[in-house]
Amino acid sequence: MNGDFKKYVDLEKKETHFTDSDFVEMLERIKRQRADGYFYPQPDSPEDLISLLSEQYYYQFIGNTLLPQLFKSEPDETFRSIFNITENDEVAGLMLNSEGQARFTYGLLFAINANSPNKKLAWEFLKFLLSEEMQQTNIQWGFPVNNAAFIEKTKEGFADGLTDDGRREITKAESIEAYNAYMACLERFMSVLTYYKLEEPVIDNMVEKEVELFLRGPESAEEAAASLQNKVQIYLNE
């Protein structure tokens with residue numbers, strides 16, 4: 001739903017489309033897939049989560065910090081055992097919406113207030129934050145937006161040496177081959193990162209609560225959709 005949010009809620013027009021879209025069908029499909037064991041069940045404790053990670057499921061989420069392990073010529077066996085990675089596993093790709101777009105998010109976001117009396121100073125500060133040096137600091141998660149810093153970040157899991165100026169370097173032929181395969185995968189992923197969902201916490205909270213009721217059994221998909229249609233429309237109208 002996050003990927004196709006505008007199909008169900010049109011914030012600009014203040015319209016909701018839970019009952020006149022594929023929302024009911026989506027809920028029922030997810031419930032069937034959940035019952036068939038496609039997804040990790042909800043863990044009741046941290047210990048349960050660790051146990052679940054060692055089991056095999058049709059859908060496994062691998063974050064970008066773990067993705068290099070699937071390409072490394074000498075992967076960390078501890079990683080493979082924890083996430084139960086087998087030789088049959090494939091990197092399927094990113095979840096796309098109905099328009100073939102993948103949703104992207106951000107880790108740190110800064111902006112300049114339109115009414116700021118110090119726009120020039122603020123812009124100089126933003127340029128400093130976007131510099132290669134600052135973009136390589138450990139406070140960031142995900143990938144840097146600075147191109148040079150991005151390349152250095154991608155080498156972390158494959159580097160087997162250092163250059164004279166202290167930068168990470170990949171020297172072994174098998175490491176270079178693994179790194180190139182990893183970068184090809186990243187480039188394929190990034191080419192579809194073209195959709196951003198406008199965050200609306202109140203509506204998100206409504207949907208989460210209603211879907212939980214549906215998945216736990218008290219109400220049908222049609223009832224969940226009708227309830228959301230009413231609640232979200234009232235919220236938009238107000």
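Just checking, how many residues over segment 102-131 are of a type outside the set (A, V, I, L, M, F, W, C), in a loop (DSSP other than H, G, I, E, B) and under 19 Å from GLY142 (Cα atoms)?
Counting residues in segment 102-131 that are of a type outside the set (A, V, I, L, M, F, W, C), in a loop (DSSP other than H, G, I, E, B) and under 19 Å from GLY142 (Cα atoms) gives 4.
Which number in (1) small (Gly, Ala, Ser); (2) without any contact (Cβ under 8 Å) to a residue 12 or more places away in the chain; (3) exposed (fewer than 12 other Cβ atoms within 10 Å of the Cβ) marks the one condition that SER98 misses?
(2)
Could you list, in sequence order, all residues of segment 132-150 that are over 20 Å from ILE112 (Cα atoms), outside any loop (DSSP other than H, G, I, E, B) and over 20 Å from the mean Cα position of the chain (by Cα)?
Matches in segment 132-150: GLU132, GLU133, ASN147, ALA148, ALA149.
If you scan segment 196-235, which residues turn out to be open to solvent by less than 20 Å² (accessible area, probe 1.4 Å) and either at pLDDT below 95 or in contact with a Leu (Cβ under 8 Å, 6 or more places away or on another chain) (or both)?
LYS197, VAL207, GLU210, PHE214, ALA221, ALA224, ALA225 - these are the residues of segment 196-235 that are open to solvent by less than 20 Å² (accessible area, probe 1.4 Å) and either at pLDDT below 95 or in contact with a Leu (Cβ under 8 Å, 6 or more places away or on another chain) (or both).
Considering every residue within segment 47-67, establish whether at least one is part of a loop (DSSP other than H, G, I, E, B), more than 30 Å from ASN180 (Cβ to Cβ) and at pLDDT 90 or above.
no
Where residues in segment 155-171 are surrounded by 12 or more Cβ atoms within 10 Å (Cβ to Cβ) and in contact (Cβ under 8 Å) with a residue 40 or more places away in the chain, which of them is farthest from the chain's Cα centre (by Cα)?
Only one residue tops the list, namely PHE158.
Please work out if SER191 is open to solvent by 50 Å² or more (accessible area, probe 1.4 Å), of a type in the set (Gly, Ala, Ser) and either free of Cβ contacts under 8 Å to residues at least 60 places away in the same chain or in contact with a helix residue (DSSP H, G or I) (Cβ under 9 Å, 6 or more places away or on another chain) (or both).
yes
The values are calculated or read from the model by the stated rules, or taken from the named source; none is laboratory data. Predicted, not measured: the structure shown is a model, and the values here were computed from it. Neighbour counts run over all protein chains shown; Cβ positions are idealised from the backbone, glycine included. Surface areas here come from the heavy atoms of the whole protein model, side chains and all, with no ligands, DNA or RNA. Shrake-Rupley method; radii C 1.70, N 1.55, O 1.52, S 1.80 Å.
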